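Following: one structure in structure tokens, then a few remarks.
The values are calculated or read from the model by the stated rules, or taken from the named source; none is laboratory data. Just so we're clear, the structure is a prediction, and the values are computed from it rather than from any experiment. Here the Cβ positions follow ideal geometry from the backbone for every residue, glycine too, while neighbour counts run over all protein chains shown. Keep in mind that these areas ignore ligands, DNA and RNA; they rest on the heavy atoms of the full protein, side chains included. Shrake-Rupley method; radii C 1.70, N 1.55, O 1.52, S 1.80 Å.
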Amino acid sequence: MSQLNGQSRYNRYYAPTGLMVLRGPRGVPEKRSRWILADDHGYAETIYMEDDKAINPNTFYIENLEIKTQVRRKGHGRNLYFKVEQFAKNIGAEWIQIDSETEALGFWEKMGFNETGREFYGNKINMIKKI
């Protein structure tokens, strides 16, 4: 993915340094906007949720955050997450919501997420964080 860094078509004024927008709106972000965000080590599929579908207003939902297998356990997931969090703040989100696999709970708790007690997807744990 590093060969894409210099290409301006992957930049948005609201994306923090080091985060590429592989797919998403080019103009002003609005509710229901979807993005695929990436850095050199992984990607995240996200959506700025409509308030009636979110637990809280102005919620940014991370559908998937994936790090390349060969570079896992080296801090790249944390780094990508923090870039995505900054992206969410930059577009006006106040909350981030995820549905976690059981084996990833520790990671999300370290990132500051708390369980909501709700179930949106079977066998996944819904979590939220105020940003």
_Most mobile of Asn58, Asn11, Asn79 in a GNM of the chain (Cα contacts under 10 Å)_ = Asn79
*asked:* Student exercise: in the chain, how many lysine pairs 8 or more apart or on different chains have Cα atoms under 13 Å apart?
replied: 4
*Part-to-part distance (alpha-carbon centres) for the stretch 72-131 and the stretch 5-61, which is given in Å*: 15
*Rank these residues by their accessible area, most exposed first, probe 1.4 Å: Tyr48, Tyr43, Tyr13.*
Tyr13, Tyr43, Tyr48
*Once you list every other residue whose beta carbon is under 15 Å from the beta carbon of His41, what net charge do they have if Lys and Arg are +1 and Asp and Glu are -1?*
+3
*Toward the positive end of the charge dipole of the chain, about the Cα centre and with charges on Cβ (Lys, Arg +1; Asp, Glu -1), which of Met127, Pro16, Leu65 goes farthest?*
Pro16
*Compare Glu119, Glu45, Glu63 in a GNM of the chain, Cα atoms joined below 10 Å, and give the one with the largest fluctuation.*
Glu119
*For the stretch 44-58, in order, what is each residue's ³J(HN,Hα) by Karplus, 6.51 cos²θ - 1.76 cosθ + 1.60 with θ = phi - 60°, in whole Hz (x at glycine and Pro)?*
9, 9, 9, 8, 8, 6, 6, 4, 6, 9, 9, 5, 10, x, 6
*Given the options Met49, Met20, Met111, state which has the largest fluctuation in a GNM of the chain using a 10 Å cut-off (strictly under) for Cα springs.*
Met111
_Residue-count net charge about Gly112 - beta-carbon cut-off 12 Å; Lys, Arg +1, Asp, Glu -1_ = +2
*Please work out whether the stretch 1-93 counts as rounded, prolate or oblate from its C-alpha gyration tensor, where a ≥ b ≥ c are the square roots of the eigenvalues and a/c under 1.5 means rounded, while otherwise a/b larger than b/c means prolate and anything else oblate?*
oblate
*How large, in percent, is the carbon and sulfur part of the accessible surface of the chain at a probe radius of 1.4 Å?*
44
